Amino acid sequence: MAQTLYFPLLLIALCSISECVQRQYHFIKEKKNWTEAQRYCKEKYTDLATVDNMNDMIQLNKSVNNVKDANIWIGLQRTSDYKWHWSSGGPALFLNWASGQPVGSDNCTYIINGQWYVQPYSAIVSFICFNNQLIVIQQNLSWSEALRYCRQNHVDLVSVQSVEMQYEVMNVVKLASTEAVWLGLRHSCSLGIWFWVSGETVCYQNWAPGNGTSEEDCEPTVRSGAVQYGGDPTWISRPETDRLNFICRNY
């Protein structure tokens, strides 16, 4: 793809205001215990609801459609080491406990009117599932081919603009069949900068040592960014002609 197509994107000088994981939440009116609700969400969606920031909380509340005074499961649970983790595997980076919560020895989380409480696994209540916005495509394509595929079949190659999104990438990259997986990162040789093809400036970074510098070797081909699979899932610079799996954004 002609490098000039990216120049308007390179003019963006500020970090994106919204640095969050966008999720699609689905309120399920059926009533189940926490384990049954988790199983239902994993079968039909991605998992029980994960909430990483206030923007997620706002979107989750919208999905409930103004249901008042009802107990509704989300995916937060306390593990054997008494730490809170999400059913989807990520750490609890954001909490919205009601006053005095969590209290007692109960290990599962539900919401009432946007506030979080704990109760036993065995309680039978409604619940909220979410859809992951990322999908690994197990085809070996060049970076430009991967970009075209994502834009024709999904939305775009993934941008990683926060720690939360990096966790999302880590969760899905394990499905890849190549040692690295393309991201929506591109290097401009003329300007000496890295940028996201979605139009966002590279604010959050997770480069492996020696990668992601402004002085990339642009011969014989342009460099693009990939995330390593296995070990430390940091970003690396690869020639765009390498053929790798890639991660598309669904919405």
Item to check | Condition met for residue 184 (closer than 29 Å to residue 53 by Cα and crowded, with 17+ Cβ neighbours inside 10 Å) | outcome: yes
Item to check | Matching residues in region 10-39 - criterion: being among the polar types (S, T, N, Q), at pLDDT below 95 and surrounded by 16 or more Cβ atoms within 10 Å (Cβ to Cβ) | outcome: 16
Item to check | Tally, over region 42-86, of residues that are of a type outside the set (Lys, Arg) and over 16 Å from residue 108 (Cα atoms) | outcome: 19
Checklist entry - Does region 178-189 contain any residue that is under 29 Å from residue 24 (Cβ atoms), basic (Lys, Arg) and assigned to a loop (DSSP other than H, G, I, E, B)? => result no
Checklist entry - Taking region 96-152 as the region of interest, how many residues are of a type in the set (S, T, N, Q), in contact (Cβ under 8 Å) with a residue 40 or more places away in the chain and assigned to a loop (DSSP other than H, G, I, E, B)? => result 6
Item to check | Residue in region 80-90 that is modelled with pLDDT of 90 or more, surrounded by fewer than 20 Cβ atoms within 10 Å (Cβ to Cβ) and closer than 30 Å to residue 245 by Cβ present | outcome: yes
Checklist entry - Looking at residue 110, is it hydroxyl-bearing (Ser, Thr, Tyr), within 15 Å of residue 34 (Cα to Cα), surrounded by fewer than 17 Cβ atoms within 10 Å (Cβ to Cβ) and in contact with a strand residue (DSSP E or B) (Cβ under 6 Å, 6 or more places away or on another chain)? => result no
Checklist outcome for this item: Of the listed residues (52, 56), the one being assigned by TED's automatic domain parsing to the domain that holds residue 38, in contact (Cβ under 8 Å) with a residue 40 or more places away in the chain, crowded, with 19+ Cβ neighbours inside 10 Å and within 30 Å of residue 233 (Cα to Cα) is 52
Checklist entry - Does residue 126 satisfy being crowded, with 18+ Cβ neighbours inside 10 Å, at pLDDT 95 or above and not assigned by TED's automatic domain parsing to the domain that holds residue 57? => result no
Next on the checklist: residue 241 - would you say it is among the β-branched types (Val, Ile, Thr), assigned to a loop (DSSP other than H, G, I, E, B) and out of contact with any Phe, Trp or Tyr (no Cβ under 9 Å at 6 or more places or on another chain)?
Outcome noted: no
Checklist entry - Taking region 217-238 as the search range and keeping residues that are part of a loop (DSSP other than H, G, I, E, B) and of a type in the set (S, T, N, Q), which one is farthest from residue 187 (Cα to Cα)? => result 234
Checklist outcome for this item: Per the list (1) part of a strand (DSSP E or B); (2) of a type in the set (Gly, Ala, Ser); (3) without any contact (Cβ under 8 Å) to a residue 24 or more places away in the chain, residue check on residue 210 breaks on (1)
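The values are calculated or read from the model by the stated rules, or taken from the named source; none is laboratory data. Treat the numbers as computed from the prediction; the structure is a model and nothing was measured. Positions of Cβ are backbone-derived with ideal geometry, glycine not excepted, and every protein chain shown enters the neighbour counts.
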